[in-house]
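All remarks here apply to the structure that follows.
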Amino acid sequence: MRQMMMLLAAMLFVSCSSEENEVMAQTRQEKLSITIDGMTKTATMVDNAATQALVAKLQEASVNVMLNSSGGFEIWGALGFSLPTSNEQVNAQPGDIVLYNGSNICIFYGTNSWSYTRLGKIEGLSESDLRTFLKARESNISVMLSLNNTTGISQVRTGESQSKAYTLQGTVALAGHKGIVIQNGKKIVR
């Protein structure tokens, strides 16, 4: 009997782990708006702890930073707050946005290799267009970071729907659903 129980527990663990891993493999599709001199460009953010913390900060209010050119390949400066780091050796390319030393943001118009935490990438601009937009080789560049047209939960309301169970994909778990569900804020294995 004990062996049977251990086998069932192992099967449940493997089943739960694979479902959770599938959800974790999804990428963050938040869009970061970068505004310089009234011109706004959009960057797609990667999914990591730093971007999650940045999104939470930007949901409260936009962030204004003063950036400066450095080394002929980036503009960078202090965010005024720290974010979680997951540094790795990065070969930064034009358009890449990274976190440096946990509290500095760098936006590249050239290339560089260093240990950074990836935040995102400005898409659709040539290196020349990036240099113009980012005011390459200038100092005291006023940059506003914000979230526009993002989706997410901004407020939770209590009521009848709170007794419903939801799958990890966010859909209502129908009667007979097998797997992990969220009900009343708790993870339940059915």
Roll a 1.4 Å probe over the protein heavy atoms and report the accessible area of Phe81 in Å², nearest 10. 40 Å²
Counted charge near Ala92, where neighbours are those whose Cβ lies closer than 14 Å (Asp, Glu -1; Lys, Arg +1): -2
So which of Lys57/Lys135; Lys57/Lys186; Lys41/Lys164 end up more than 28 Å apart, counting from Cα to Cα? Lys41/Lys164
Once both label points are put 7 Å beyond Cα along the C-beta direction, the His177-Thr40 separation in nm becomes 3.5 nm
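On full extension of the chain, what length is gained from Ser70 through Ile188, given 0.36 nm per residue of separation minus the C-alpha to C-alpha distance? Let's see the in-between values first.
Details: separation 118, 0.36 × 118 = 42.48 nm, distance 5.10 nm.
That pair, Ser70 and Ile188, stretches by 37.4 nm at full extension.
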Measuring from label point to label point, each 7 Å out along Cα→Cβ, what is the Asn140 to Thr167 span in nm? 5.6 nm
Enumerate the amide H contacts of Ala173 below 5 Å, restricted to partners 5 or more residues apart or on another chain; note that Pro and chain-start residues carry no placed amide H. Ala165, Tyr166, Thr167
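Percent relative contact order of segment 28-70, based on C-alpha pairs within less than 8 angstrom and at least six residues apart? It would help to have the intermediate numbers written out before the result.
On the way: 28 pairs, mean separation 12.4, N = 43.
That works out to 29 percent.
Would you work out the relative contact order for segment 93-139, in percent, from Cα pairs under 8 angstrom that are 6 or more residues apart? Mind showing how you got there, number by number?
Values: 62 pairs, mean separation 18.6, N = 47.
The normalised contact order for segment 93-139 reaches 40 percent.
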For the pair Ser82/Ala53, report the inter-label distance in nm, with labels modelled 7 Å from Cα in the Cβ direction. 0.7 nm
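If R₀ is 25 angstrom, what is the calculated FRET efficiency for the pair Ser126 and Ser103, using the beta carbon separation as r and rounding to 0.05?
Rounded to the nearest 0.05, the efficiency is 0.25.
The values are calculated or read from the model by the stated rules, or taken from the named source; none is laboratory data. No experiment lies behind these values; they were computed from the predicted model shown. Every residue, glycine among them, receives a Cβ derived from its backbone with ideal geometry; neighbour counts consider all protein chains shown. Surface areas here come from the heavy atoms of the whole protein model, side chains and all, with no ligands, DNA or RNA. Shrake-Rupley method; radii C 1.70, N 1.55, O 1.52, S 1.80 Å.
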